[in-house]
1. What are the residue pairs meeting all of these: first residue in region 44-59, first residue polar (S, T, N, Q), second residue in a strand (DSSP E or B), Cβ atoms under 9 Å, and 6 or more apart or on different chains?
2. Among the residues of region 193-227, write down those that are of a type in the set (Phe, Trp, Tyr) and exposed (fewer than 15 other Cβ atoms within 10 Å of the Cβ).
3. Any residue in region 145-165 that is on the phi > 0 side of the Ramachandran plot sitting within a Cβ distance under 6 Å of a residue that is in a strand (DSSP E or B) and small (Gly, Ala, Ser)? List the pairs, counting only those 6 or more apart or interchain.
4. Based on what the data block shows, is residue 156 touching a Gly at 6+ places or on another chain (Cβ under 7 Å) and over 30 Å from residue 52 (Cβ atoms)?
5. Output the residue which, of all residues in region 84-103 that are charged (D, E, K, R) and part of a helix (DSSP H, G or I), is farthest from the chain's Cα centre (by Cα).
6. Do we have residue 60 as modelled with pLDDT of 85 or more, out of contact with any Lys or Arg (no Cβ under 7 Å at 6 or more places or on another chain) and assigned to a loop (DSSP other than H, G, I, E, B) here?
7. Quick one: in region 197-214, of everything that is among the charged types (D, E, K, R) and touching a Gly at 6+ places or on another chain (Cβ under 7 Å), which residue is nearest to residue 253 (Cα to Cα)?
8. Being among the hydroxyl-bearing types (Ser, Thr, Tyr), surrounded by fewer than 16 Cβ atoms within 10 Å (Cβ to Cβ) and in contact with a helix residue (DSSP H, G or I) (Cβ under 8 Å, 6 or more places away or on another chain), is that true of even one residue in region 97-113?
Amino acid sequence: MIIKLLVALGLFCGLAGCSTTNQPDILYGDLPSSITTSTVESLYAIPKLNQPKITIAVYNFPDRTGQRKPNTKFSQLSTAVTQGAEVWVISALKAVGGGEWFKVVERQGLDSLIKERQLIRSTRELYDGETDKTVLKPLVFAGLIIEGGVVGYDSNILSGGVGARYFGIGVNEQYRVDQVTVSLRVVAVQTGEVLLTVSASKTIASHSKGGDVFRFLDMSTKALELETGVATNEPVNYAVRSTIEYAVLKMIHEGIACELWSTIDEDYNKTLSEIKQEKEDVR
């Protein structure tokens, strides 16, 4: 009995060591850092635009899924997807070609912007006595508007696991995959025509592993129970950001292929046009 108990404790300690190797500091966490994705590097690598910067506006990029954070024990009020996805859309647009493609105008905080301009105008008139010089430059209007949103969040599209138990010693490993989908379209302000529409999806992976020991001691009068485990979940915000950046990249490529805009690199433009033609021929 003692030998079996020592073996059980040894295996359990090994499981505990494996499961806690990469655990973060729970009390303090990591220091703030700048998070970058692999997709944003592709946006920066796009050649410069072969025309003046395109003025574009992003009013809102809402969460249209209505999904709540998954929980098996009680109902969650927190949403599964960020409610500020337009921040990532603006960031992705500013990253295209190293910031040489789009002039993004503020529309999300338009009320605050107008109030501040009114405050400047009234203050100048009241205290400086100026009239002609108080005229501020007009706001820049956009030629294109980005519309769309997070249109899908599918939970548990794939799940599974494996486990084993022998003489009260058990180990298990589980995984789960969710999926987020965004849709993006480019609308011409003068005509209201939808010039481009693209969509993109990304999976969100979750993984957990653990082990436990359950043994009766002293002629089955006492029980020993030990348990350990660790879970790793891919951040949903990171997945949403990556998906939006990929959708913007796809929008740029389709716009070049449709001759909506072009880059200074003719070979780059020609390659994308040929790819589009090949896809149409396959259809």
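The values are calculated or read from the model by the stated rules, or taken from the named source; none is laboratory data. None of these values were measured; they are calculated from a predicted model. Ideal geometry is used to build each Cβ from the backbone, glycine not excepted, and the neighbour counts take in all protein chains shown.
1. 50/263; 55/102; 55/103; 55/104; 55/105; 55/144
2. Residues of region 193-227 of a type in the set (Phe, Trp, Tyr): 214, 216.
Result: 216, single match.
3. That search, which allows pairs on different chains as well, returns 148/183.
4. Working: touching a Gly at 6+ places or on another chain (Cβ under 7 Å): no; over 30 Å from residue 52 (Cβ atoms): yes.
No, not satisfied.
5. Step one: of region 84-103, the residues charged (D, E, K, R) are 86, 94, 100, 103.
Those left that are additionally part of a helix (DSSP H, G or I): 86, 94.
On the way: 86: 11, 94: 16 Å.
Applying the filter and picking the extreme gives 94.
6. Values: modelled with pLDDT of 85 or more: yes; out of contact with any Lys or Arg (no Cβ under 7 Å at 6 or more places or on another chain): yes; assigned to a loop (DSSP other than H, G, I, E, B): yes.
Yes.
7. Step one: filter region 197-214 for residues among the charged types (D, E, K, R), giving 202, 209, 212.
Next cut, touching a Gly at 6+ places or on another chain (Cβ under 7 Å) only: 209, 212.
Details: 209: 41, 212: 52 Å.
This residue is 209.
8. Start the filter on region 97-113 by keeping residues that are among the hydroxyl-bearing types (Ser, Thr, Tyr), which leaves 112.
Retained after the next criterion (residues that are surrounded by fewer than 16 Cβ atoms within 10 Å (Cβ to Cβ)): 112.
Filter once more, so that each one left must be in contact with a helix residue (DSSP H, G or I) (Cβ under 8 Å, 6 or more places away or on another chain): none.
No; the residues of region 97-113 include none that is among the hydroxyl-bearing types (Ser, Thr, Tyr), surrounded by fewer than 16 Cβ atoms within 10 Å (Cβ to Cβ) and in contact with a helix residue (DSSP H, G or I) (Cβ under 8 Å, 6 or more places away or on another chain).
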